[in-house]
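In what follows, a single structure is set out as structure tokens and then discussed.
The values are calculated or read from the model by the stated rules, or taken from the named source; none is laboratory data. All figures in this text were calculated on a predicted structure; none of them were measured in a lab. Glycine gets a Cβ as well: all are built from the backbone with ideal geometry, and neighbour counts include every protein chain shown. Side chains are part of the model used for accessible areas, which takes the heavy atoms of the whole protein and leaves out ligands, DNA and RNA. Shrake-Rupley method; radii C 1.70, N 1.55, O 1.52, S 1.80 Å.
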Amino acid sequence: MKKIIIINGPNLNLLGKREPNIYGSLTFTEFLDEVKDKYTGVKLEYYQSNIEGELINKLHEVGFDYDGIILNAAAYTHTSIGLGDAVKAIETPVVEVHISNTFAREEFRHQSFISSNAKGVVLGFGLQSYELAIQSFL
Ligand code: DQA
């Protein structure tokens, strides 16, 4: 069974409540339950932190024996050389995900320190972006 982990960065614990016009009104737990029911052949784990170093630690922890990492580093995408380096340092392929189309938003969201070291990037499809990333590992 494939082991895949979704890692979410800062403020994504507020999904469902946070700017629903951009991020939707479903909580991540509700979404995850639906996805787990659909992909029963996958061991799907979930981790969220608002703290940059904790996200880096998690990447180190899972980055050598999981089959895939789906990373939405949220705002740290645009600021964190440390997270970009961590993605480069590990062996497990990382798919970068964003709920919104970051290129259709403010210019500071157009830069990513993750993309150049990611296997691929999925963005702009709402929570479905995560599902497309799961499919990319199957
Ligand atoms: C986001 C986009 C980021 O620019 C933003 O800071 C987020 C969420 C997204 O999923 O659309 O927090 O990563």
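Below is a table of values for the structure above.
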| quantity | calculated |
| --- | --- |
| Residue 122 vs. criteria of a type in the set (A, V, I, L, M, F, W, C) and over 13 Å from the mean Cα position of the chain (by Cα) | no |
| Residues located in region 1-33, provided they are open to solvent by 20 Å² or more (accessible area, probe 1.4 Å), at pLDDT 95 or above and either acidic (Asp, Glu) or more than 17 Å from residue 62 (Cβ to Cβ) (or both) | 11, 13, 33 |
| Residues satisfying the stated conditions in region 109-125, i.e. closer than 20 Å to residue 87 by Cβ and not polar (S, T, N, Q) | 109, 110, 113, 114, 118, 119, 120, 121, 122, 123 |
| Number of the condition not met by residue 21 [criteria: (1) touching a residue at least 24 places away in the same chain (Cβ under 8 Å); (2) within 15 Å of the ligand (Cβ to nearest atom)] | (1) |
